[in-house]
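Visitor: Before we start, here is the structure in question, set down as C-alpha cells.
The values are calculated or read from the model by the stated rules, or taken from the named source; none is laboratory data. Predicted model, so just to flag it, every value in this text is computed and none were measured. Counting neighbours? That spans all protein chains shown, and the Cβs are built from the backbone with ideal geometry, glycine included. Accessible surface is based on the protein model in full, side chains and every heavy atom, while ligands, DNA and RNA are left aside. Shrake-Rupley method; radii C 1.70, N 1.55, O 1.52, S 1.80 Å.
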Amino acid sequence: MDVSVDRRIVVALCGLMAVVTCAWFAISALAQLPEVAKGKIVNFQSIGGVGLGTSQSKLFNLWGRPVAPNGDSGCYHPDSPGYPDQICTWFGGGTNDLPPEGGYAEIDGGKVCEAAIQAGYQPGDWKLHTTKLRKQKWHTSDGVGLGSSKKDAKKAFPGTKDSGDILQGDRKDVRETISLMYTGPDKGDVQAIDLVEKGSGCFKYGRPGTSPQA
C-alpha cells in the first residue's frame, strides 16, 4: 500500500535514494512557485490545467517555466535508467519548510506523466503552509484544495478510498492520491494532491526519494 508523499520524502532524507533526493531538494530550494491564472483542480483529470499527457510546452505556458534565481533551470534530468526525462519543481525559495510548498511535475517523451501540488510545513510546528497557492485559488469547483479537511476531500474526490493518511484511487490509467497531514494541529487536512500515469516510469519509481508505488 502507498503511504503519505511527504512522509516518504522525510524518510528519504535519512538515506533512501539519497543521490536523487539531494538533487531534487537542491532544485526545490531555488525554483519559484507556479504562477497561474486559474489553479482549478479536476478530479482524476488535471491540476491547474495540467493533466497527464499535457505537452511540456503547454505545462510551461500554464505554470510558467521553472527558473532558479540564479537563472538556471528548475528542471532536473535524472541519470538513472528508467526514470522520466525531466523532473521539474516550482517550489518557493527562502523557506525552512520540509517539504516546501509548491508544484511538481515529471515529463517523459515531451509529455507530463505526473503532476502534483503540496503544502509546506516545518517539522517544528507541523502547521500546513499554503499561503501562495491558496491565494492563487488552487482548488476544485467545491473550493477544496490544500489545507481542506478530510471530510471535504472525500466529497470532492469521488473514486478515492480512505487508507488512513491518504485518499487514493485509480481511474483508467490515472492514479490519484490525496495525502493528508499525519500529525500536528492540521492532522487530517490535505497536504498534497497528486496525479500519476499508471504504467509509466513516473508510476514505477514515484517521486524522487520515495518508495516504488504498488
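Visitor: Leaving out same-chain residues fewer than 8 places away, which lysines sit with a Cα under 20 Å from that of Lys127?
Guide: Lys135, Lys137, Lys150, Lys151, Lys187
Visitor: About the Cα centre of segment 72-128, what is the dipole size in debye to 20, counting +1 per Lys and Arg Cβ and -1 per Asp and Glu Cβ, all else neutral?
Guide: Computed about the Cα centre, the dipole is about 140 debye.
Visitor: Shape call for segment 125-172 from the C-alpha gyration tensor, a ≥ b ≥ c root eigenvalues: rounded (a/c under 1.5), prolate (a/b greater than b/c) or oblate?
Guide: Oblate.
Visitor: Cβ neighbours within 10 Å, averaged per peptide: list 55-62, 101-108, 194-201 in order, most packed at the top.
Guide: Packing order, densest peptide first, comes out as 101-108, 194-201, 55-62.
Visitor: First check a/c for segment 97-214, with a ≥ b ≥ c the square roots of the eigenvalues of its C-alpha gyration tensor; if it is under 1.5, answer rounded, and if not, answer prolate when a/b is larger than b/c or oblate otherwise.
Guide: Prolate.
Visitor: State the percentage of accessible surface on segment 47-158 attributable to carbon and sulfur atoms; use a 1.4 Å probe and exclude ligands, DNA and RNA.
Guide: Of the solvent-accessible surface of segment 47-158, carbon and sulfur hold 46 percent.
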